[in-house]
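Structure first, commentary second.
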Amino acid sequence: MTAPHGPGGTTECDRTDLLPPGYRVGEWVVTELIGAGGWSTVYAARPADEHPEIRAGGSPASRRKVPTEVALKIMPTAGLAPRQSQRIVESARREVELGRRAGHPRLIGLLESFVLAAPDRPSLEGALVLVMERAAGSLRELVDAGVPEADRGRLIAGICEGLAHLHRSGWVHADLKPENVLLGRDRSVKLSDFGLATELTGTHGYAPPMGTLDYLPPERWRAPLGELGVRVRPSADIWALGIVIHEVFASGASPFPGATPMARGAAVQEYGEGRAPLRMDHAVPPFWRALAADCLAPSHAARAPHTAESLLARIAAEQGTPGAARRRGRARAAVLATALCGIAGATLSSDAVRVGASTPPGRAGATAGTVRVFNAERGCRERVDRDRQCSLGLAIDPARPYTADNVVPTRVWHGDVLVADCQVADGQPIIDEEDRWSTRWYRVRLPSGSTPPTAWLPAVRTRDRPALPECPHPATAR
């Protein structure tokens, strides 16, 4: 629906209501145009003041610190017919509601929203403004340039992770496409543009009869329009994911033939009615071909078993993530296995650092200056042996994303009591298997002679809340 929030998305246009660099919008100053669409215009912006105060609103992660650069999505309403204005207001409401209730590292962060007062620009007076994280680019830009082979599986897994969280939270994206998959400077995936997102009421929700034609499943082409809109279910996102997978591996090509979106839509309907087979590009490898084929099952009923979580678990197993087959198909646990239980392929072989023997679950073991490790997986809490698949990793730097070079060799298990000396409140956000979320980390000591001498345990991996002083900046606190 809108241009991406990264560089390279600027749309050539002759509009006269575009804001120049230096124009102040609320507490932000426009730095450049990112892109313009039919409903909105997106700008890069920086804080207007050296130490601005962000208004209440958005997710907890968005309130913890002020970014140096953001994306402003401005949605004008002046001069529109009442029905058009209502659609824009409803679109903005969806984005704000989802941003406040379903925040996640794989969703673009919403910092605040407000109504723009622009008496000097009547066309923008009363416009709705969404202040969001600024991304480095979009998956569309990467697809057009050619997705590096080493990145393909990781990017698709990131999309699945975002969809899995959305669906668990009771939302359907309803407009998944490469333009709405944004990439951080570290190539992390963040789903964006929730103007058509719909909250489920039971098994389905209702959305406006809109969307991007190339990503609509067969049932959407003939869905009746009711008073609340058209019915939308999570399987619609799964269909769109199948198209995206094909595009990632086939240099942007759709699996359905046709020179225009309408022509490709006709091919989708023929396939959905059983009058044409699914033909995928030979560039799509066998595993991804099978995964995309399941996503592109011709009916909702055939597609429904292939949830984002189950697809993510299959990807994790294919890529060799430790413990993926044992995690009962819970994709978020498989992802956390990569992040917290040791990056796939890493060689980790050191004893855990402990104050004493493991503390049985439910018994007090931590005292002032210590934290007791908690594993959210019940099966790992019940084990008496130190199964490596139940071990948890400690980070080198809590401000960096988890990668193979950001996990120390030392392992810990449920019940281990670790010596902790300080904490940080604004590290990388971590979500455990029970959807507990935190940006707080505790610095713990490693055995004498270890390199580095300390490591970091995320707060979601303990139920203790020790009274520890704040650490110096993580980069200098080791």
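One table, with the values for the structure above:
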item: Added length on full extension, which subtracts the Cα-Cα distance from 0.36 nm per residue, S448 to V89; result: 123.3 nm
item: Ranked packing of 456-467, 20-31, most packed first, by mean Cβ within 10 Å; result: 456-467, 20-31
item: Coarse-grained scattering of region 123-210 at q = 0.14 Å⁻¹, given as base-10 log I(q)/I(0) from a Debye sum over alpha-carbon atoms; result: -0.59
item: Whole-angstrom gap from region 183-202 to region 376-425, using each part's C-alpha centre; result: 29 Å
item: Alpha-carbon radius of gyration plus Dmax, which is the widest Cα pair, for region 137-318 in Å; result: 15.2, 46
item: Burial order of peptide ranges 142-150, 419-427 (average beta-carbon count within 10 Å, highest first); result: 419-427, 142-150
item: For peptides 124-137, 214-227, sequence by mean Cβ density within 10 Å, most packed first; result: 124-137, 214-227
item: Pairwise label distance in nanometres, A78 with D186, each label 7 Å out on the Cα-Cβ vector; result: 4.1 nm
item: Inter-probe distance in nm under a simple model that places probes 7 Å from Cα toward Cβ, at R386 and D151; result: 4.0 nm
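Just so you know, all these numbers are worked out from the coordinates, no wet-lab data involved. Quick caveat, the model's predicted, so the values are computed rather than measured. In this analysis, Cβ positions are derived from the backbone assuming ideal geometry, glycine residues included, and neighbour counts consider all displayed protein chains.
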